[in-house]
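What follows is a single structure, written as structure tokens, with notes after it.
The values are calculated or read from the model by the stated rules, or taken from the named source; none is laboratory data. Note that the coordinates shown come from a computational prediction; the quantities given were computed from them, not determined experimentally. Don't worry about glycine lacking a Cβ; one is built from the backbone with ideal geometry, like all the others, and counts go over all protein chains shown.
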Amino acid sequence: MTDDQRHGGRRRDRSRVFRPVEILVTALAVGAGFGAATSLMNALSNSNADLGSRAYTTSGWSVPEIVSVLLDSGWAWAGLAVAVGWLVSRAGESRPTAPARLGAAAGALALLAATAAYSIVDAIRSGGQISWYESEPLLWWVASVVFGAPLGAIGTCVRRSGAIGLLARSTVPVGAAVQMFVLPPGRNEVVQAIGKTIVWTAAAASVGFIVVRFLLVERRRRSPAESP
């Protein structure tokens, strides 16, 4: 075995070890950034709210409040886990089962980091009177793992072809549309209506694009087989 072959093998071994670590560290960083941004946007929304005004309470709204409502929705947090899983699939793992396992771990870690960062920023803003890990109910910590793992695994399927890839790519927009129908966030009907309009429009456009692209890809894939 030549020196180049030995060095190449060592580089591949190091890559197999460090790549999963790099992916999981990235998931933690992305999740923490999302959680902190959500907490800060909630604070900005509250600072712009004139809740002492009856008119504002019943029909008022602001741009920060709309952004806060969208970021702090269940579908957005689910989308975080799916997006992290998608990042895993882009890492180029050679074994088909590795991305799914890494995606599940990354999705759970991302939501745990987001919950922790959200709690820490909230605790800092409140003067740090409570322990950040006690500021969120146990339910959210458990939900981060229970939902984050399968959503992260779904994210690794986004780049796949066929029906599995189609379903994976449609998970977030369909889930967002369903949430806006079943449990729309917002403190009054105006905020809820604006949130519904934004999410339903974006979801319809996303699903339409996903389906059209899927059909075009499938048509191109089948064309050579159908040609004489």
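Based on this model, can you work out whether Gly79 counts as surrounded by fewer than 19 Cβ atoms within 10 Å (Cβ to Cβ), at pLDDT 95 or above and assigned to a helix (DSSP H, G or I)?
Details: surrounded by fewer than 19 Cβ atoms within 10 Å (Cβ to Cβ): no; at pLDDT 95 or above: yes; assigned to a helix (DSSP H, G or I): yes.
No; evaluated as a whole, the condition is false for this residue.
Close contacts from the range 44-72, counting a first residue that is in contact (Cβ under 8 Å) with a residue 24 or more places away in the chain and a second that is surrounded by fewer than 17 Cβ atoms within 10 Å (Cβ to Cβ) and hydrophobic (A, V, I, L, M, F, W, C), with Cβ to Cβ under 6 Å and a gap of 6+ residues or different chains, come to Thr57/Leu51; Ser59/Val190; Trp61/Val190.
In the range 144-197, the qualifying residues are those that are farther than 14 Å from Trp86 by Cα and among the charged types (D, E, K, R), and the one that is modelled with the lowest pLDDT is Arg187. Under the condition of being under 19 Å from Asp72 (Cα atoms) and not in a helix (DSSP H, G or I), which residue from the range 99-143 is modelled with the lowest pLDDT? Across the range 99-143, the extreme among qualifying residues is Ser135.
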